[in-house]
1. Amide H of residue 22: which non-local residues (sequence gap of 5 or more, or other chain) have their own amide H closer than 5 Å, using H built in the peptide plane?
2. Hey, with R₀ at 25 Å, roughly what FRET efficiency would residue 84 and residue 36 work out to, going by the Cβ-Cβ distance, to 0.05?
3. In Å, what Kirkwood hydrodynamic radius results for the chain from the alpha-carbon pair distances?
4. Taking the mean number of other Cβ atoms within 10 Å as a proxy for protection, how do you rank 125-132, 195-202, 34-41 from highest to lowest?
5. So what is the relative contact order for the chain, in percent, with contacts set as C-alpha pairs under 8 Å and at least six apart?
6. In degrees, nearest 10, range 0 to 90: what is the angle between the Cα axis of helix 102-116 and the longest Cα principal axis of the chain?
7. Which are the unpartnered cysteines of the chain, meaning those with no other cysteine Cβ under 4.7 Å from their Cβ?
8. Taking 30 Å as R0, compute the FRET efficiency from the Cβ-Cβ separation of residue 64 and residue 196 and round it to 0.05.
Amino acid sequence: VMAYVFGFFFGKTPLIKLSPKKTWEGFIGGGISTVIFGVLMSYFMCQYPYFVCPIEYSESLERMSMDCEPSVMFRPAEYTPPETIRKVFMFLHLCPIITIPPFVLHSLALSIFSSVIGPFGGFFASGFKRAFKIKDFGDIIPGHGGIMDRFDCQFLMATFVNVYITSFIRTDSPQKLLSQALYLKPEQQLQLFHMLKESLENRNIL
């Protein structure tokens with residue numbers, strides 16, 4: 001949306017021949033806006049249990065509740081920036097330690113990718129349409145084409161988000177491991193139990 005706004009009001013320099021209406025002004029303005037909005041919105045969401053706590057039934061309250069201890073992903077953590085940035089902070093008399101929830105950093109990474117790489121999904125779709133000499137993938141939205149024309153960038157983003165979450169965010173927990181163990185056959189569950197017990201005893205944990 002912001003790329004369209006910046007391109008509409010300030011766009012003068014064509015970005016790529018595959019998409020004649022896209023401009024550098026829209027690309028840069030949309031990218032900066034996406035990063036700023038992503039960081040601010042993610043920080044705002046971390047402040048409220050409504051956004052970070054699952055809705056679960058509370059037996060004590062006898063109703064659905066969202067009261068929980070937020071995951072470490074949403075709790076503030078301290079980070080030490082690189083030496084160059086620390087010097088800048090110290091020169092400006094600012095604290096060289098940054099305290100923000102990890103979720104904000106993940107949001108920053110996703111925002112940067114969606115700003116820089118995400119639009120190439122649209123470029124690919126434009127090239128595909130030009131190769132087959134069609135203007136739009138459909139006509140369900142008057143003046144805008146079809147659903148694919150509006151979500152051409154989302155396929156690239158969806159793939160990246162899935163890989164990113166799997167690689168950097170999703171972690172195993174006792175609950176997840178237990179749910180997986182319950183799918184095993186009884187004899188396999190016993191084998192797993194004895195192996196885990198032996199491992200804990202060897203490390204003097206039991």
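1. 15, 16
2. So the FRET efficiency works out to roughly 0.70.
3. Its Kirkwood hydrodynamic radius stands at 21.9 Å.
4. In decreasing order of mean packing, 125-132, 195-202, 34-41 become 34-41, 125-132, 195-202.
5. 14
6. Between the helix axis and the principal axis of the chain, the angle is about 30 degrees.
7. Unpaired cysteines in the chain: 46, 95, 153.
8. Efficiency, rounded to the nearest 0.05: 0.30.
Quick note: the coordinates plus some simple rules give every number you see, no bench work behind them. Here the structure is a predicted model, which means the values were calculated and not measured. A quick note on method: Cβ atoms are made from the backbone with ideal geometry, for glycine too, and the neighbour counts reach across all protein chains shown.
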